[in-house]
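The values are calculated or read from the model by the stated rules, or taken from the named source; none is laboratory data. Just so it is clear, the structure is predicted and the values come from calculations on it, not from any experiment. Methodologically, a virtual Cβ is constructed for each residue, glycine included, from the backbone with ideal geometry; neighbour enumeration extends over all protein chains shown. Just so you know, the surface numbers come from the protein's heavy atoms only, side chains and all, with ligands and any DNA or RNA stripped out. Shrake-Rupley method; radii C 1.70, N 1.55, O 1.52, S 1.80 Å.
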Amino acid sequence: MSSEESIITPEKRSSIYWTVSDTWLMAKRSTTHIIRSLDQVMSLILFPIMFMLLNRYVFGGAIDTGDISYANYLFAGIFVQTLAFGANYTTINLAVDMKEGIIDRFRSLPMGNSALVTGHIVSDLVRNIISGAIIILVGLLVGFRPNANFGEWLMVIGLAMLFTLAISWLSAILGLLVKSLEAAQWVGFIIIFPLTFISSAFVPTETMPSALRAFAENQPITHVIDTMRSLLVGTPLDNSGWLSIVWCVGIIIVSVPITSRLFRRRSQR
Amino acid sequence: MGKSVNSTNSIVVKDLHKSYKDLKVLDGVSFSVKKGDILALLGPNGAGKTTTVKILSTLLHPDKGEAQINGYDIKSDEAAVRSNIGLTGQYAAVDEYLTGEENLKLIGRLYRLNKDDVNRRSKQLLEQFDLVEASTRPVKTYSGGMRRRLDLAMSLIASPPVIFLDEPTTGLDPRSRLTMWAMIEKLASGGTTILLTTQYMEEADYLADNIVVIDNGKVIAEGTSDTLKSKVGSDRLELKIAKNSSLEKAEKIIDGKVLNVDKDDRIISIATKKGAGELRRILEQLEKAKIDVVDVSLHRPTLDDVFLSLTGKVTSEEEKESKK
């Protein structure tokens, strides 16, 4: 270390360049976490696979899904459930970052404030692409026979990503609210679990008691599942198509400012 | 480079106040650090050391007061301050899943250095901190000492002119501590201004050009380690008296210099500057008075002594002044 060596001049770039660069760096960091801890992805898809097998073979015979096979009915539900569970890692990983000293290091750098959260959300997308692909393969193995064309598959992927973004931003709020890592582990499931069960994921909503049915038919996860199912196996779409997009976009619009407010409050007491 | 406003002082802190609800953490802290100096912020747990570092590194806003780092104001010029500082917190702020090299490069890019600078500096630092071999392993395989070294290397990636080290050796084994000290010294000899917090008198003694002692959010003493030691009254002599009945008599014989009398253990603590000579004189006096001493020990000043003596002195001086 020479005494002449002083601060190395940072590169001169526009602030938009730096926002993108910071987010890219943080996304790369979070994505490396996924690759270095593949057990996370594995344990994450274990639940949906278990549900798929249990529902398909244990309850499947007793559930009347009309014209289509139960395997074809069930798949969209399991697929969306997998995506929803995946977002829980934004809650956990954000809570871990906030807890450990690394948040102080990031905050003492000239980097943008939102990059950390956005980085986790981008990595959620990557993780969900991996687990989504695995779930599709497992589905095909247990009798799921989609009749979607190329365009419909593209729409499935697009909606899957939009839904992931929505639920990840919600999970980011939880990650910033929880006080402990233990809470971060289960808080997401407590919300996602009933939401996926009180929906059209596993059984047609017609058989539910009326109050439950009213809820099930009007909550966002049902709309997303019904849209996926319609695209994949050709069930009727009704209003679910545009409603699922409105819900997802709406959740993102509300969650983003809340997240950045919470982030500032949490990291600057 | 900073503005030339305070060309000799890299860190200037004026009257910082910070409270959490009813708890006053900082109650008017002021000090300054000359360019290239090491300043040790010395104090017990909860004295306000970490809060001070957090405010100076823009992680916290002060309720009142101001500070400049290299001429940049911590409140109005956050971004410039952040480009001028490196921070090593109390817990190694490293990413467990990334390798040592990836950690360095990530931070380098987040400091907004160009890729060539980042690569060059990472290589230098890995060598300098003896982490070349481990550089491609994920950090979760590192030992505590290696983590701290990587942590320090990460805060140096942009060669910031000012470094904050919050308890850099807490929890390290003696050997790693010595390595860390050597690295901090080398850094300062290269012209970096360093503010470190510590609970260890010997650490401040060994490293610091200047020591600021804080307690309950207030600066209670400031100076070089020699000045502080002379204030403390240097060494502490402890005598264990054989019989309870002779304790008071012994206290009278030793007169004046008694710091503390522990009646349960029959131990008299004495402040001494002359060490062995003083010890012989006191023992002779006690023998003449037929008081048996069962144990004698001589202690170098500890942080406890600094506080005992410093806070004691403050009150006695106030008393003297009020009597006048």
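DSSP assigns beta bridges within the range B:109-258; of those with both partners inside it, close to 50 percent run antiparallel.
Remark: the range A:124-141, residue by residue, has Karplus-estimated 3J(HN,Hα) of 4, 4, 4, 4, 5, 5, 5, 6, x, 5, 4, 4, 4, 4, 4, x, 4, 5 Hz, where x stands for each Gly or Pro and the curve is 6.51 cos²θ - 1.76 cosθ + 1.60 at θ = phi - 60°. Here the protein assembly as shown is assigned +1 on the Cβ of each Lys and Arg and -1 on the Cβ of each Asp and Glu. Its dipole about the Cα centre then comes out at about 640 debye. Excluding ligands, DNA and RNA, the accessible surface per residue across the range A:13-100 is 43 Å² with a 1.4 Å probe. Considering the options A:MET161, A:ALA214, A:ASN147, tell which one lies farthest towards the positive end of the dipole of the protein assembly as shown, charges being +1 on Lys and Arg and -1 on Asp and Glu at the Cβ, about the Cα centre. Of A:MET161, A:ALA214, A:ASN147, it is A:MET161. Normalising the average separation of contacting C-alpha pairs (under 8 angstrom, six or more residues apart) by the number of residues puts the relative contact order of chain B at 19 percent. Considering only Cα atoms, the convex hull volume of the range A:147-214 works out to 130 Å³ per residue.
Taking all protein chains as shown and a probe of 1.4 angstrom, B:HIS61 keeps an accessible surface of around 80 Å². Note on the range B:58-194: with neighbouring protein chains present and a 1.4 Å probe, carbon and sulfur make up 49 percent of its accessible heavy-atom surface. Rolling a 1.4 Å probe across all protein chains gives A:HIS120 an accessible area of roughly 10 Å². P(r) tail for the range A:10-267, what percent of Cα pairs lie past 28 Å? The calculated P(r) of the range A:10-267 puts 35 percent of pairs beyond 28 Å.
What accessible area, in Å² to the nearest ten, does a 1.4 Å probe give for B:SER32? Counting only protein heavy atoms, the figure is 50 Å².
Ignoring ligands, DNA and RNA, how do A:MET98, A:MET50 rank by accessible area with a 1.4 Å probe, largest first?
Sorted descending by solvent-accessible area, the residues read A:MET50, A:MET98.
Largest first and in whole Å, the equivalent-ellipsoid semi-axes of the protein assembly as shown read 62, 28, 21, each the square root of five times a Cα gyration tensor eigenvalue.
Using only DSSP helix segments of four residues or longer, with each worth -39500 (n - 2.57), what per-residue ellipticity at 222 nm results for chain A after dividing by its residue count and rounding to 500? Walk me through the intermediate numbers first.
Working: 11 runs with 197 residues, N = 269.
After summing the helix terms and dividing by the residues of chain A, the value is -25000 deg cm²/dmol.
The Cα trace of the range B:234-300 gives Rg and Dmax of 10.6, 29 Å, the first to one decimal, the second as a whole number.
Compute the semi-axes of the equivalent ellipsoid of the range B:9-229, taking the square root of 5 times each eigenvalue of the Cα gyration tensor, and list them largest first in whole Å.
Here the semi-axes work out to 28, 20, 16 Å.
For the range B:234-300, the solvent-accessible area with a 1.4 angstrom probe is 65 square angstrom per residue. Per-atom-type breakdown for chain A gives carbon and sulfur 68% of the accessible area (1.4 Å probe, protein chains only). Taking every DSSP bridge with both residues inside chain B, close to 70 percent are antiparallel.
Could you let me know the centre-to-centre spacing of the range B:10-49 and the range B:87-143, using Cα atoms, in angstrom? Answer, in whole Å: 29.
How high is the relative contact order of the range B:234-300? Use alpha-carbon pairs under 8 Å, at least six apart in sequence, and give a whole percent. It rounds to 52 percent for the range B:234-300.
Taking every residue in B:95-102 and counting other chain Cβ atoms within 10 Å of its Cβ, the average works out to 4. Helical runs assigned H by DSSP (4 residues or longer) give chain B a calculated mean residue ellipticity at 222 nm of -12000 deg cm²/dmol, each run adding -39500 (n - 2.57) before division by the residue total. For the protein assembly as shown, DSSP calls about 70 percent of its internal beta bridges antiparallel. Protein-only accessible surface at a 1.4 angstrom probe places the residues A:LEU125, B:LEU259 in the order B:LEU259, A:LEU125, largest first. Give the A-B buried accessible area in Å², both sides summed, 1.4 Å probe, nearest 100. The A and B chains share an interface burying roughly 3700 Å².
Ordered by solvent-accessible area of protein heavy atoms (1.4 Å probe), largest first, the residues B:THR224, B:THR136, A:THR31 come out as B:THR136, B:THR224, A:THR31.
Helix A:150-177 and the long axis of chain A differ in direction by around 60°, with both axes built from C-alpha atoms.
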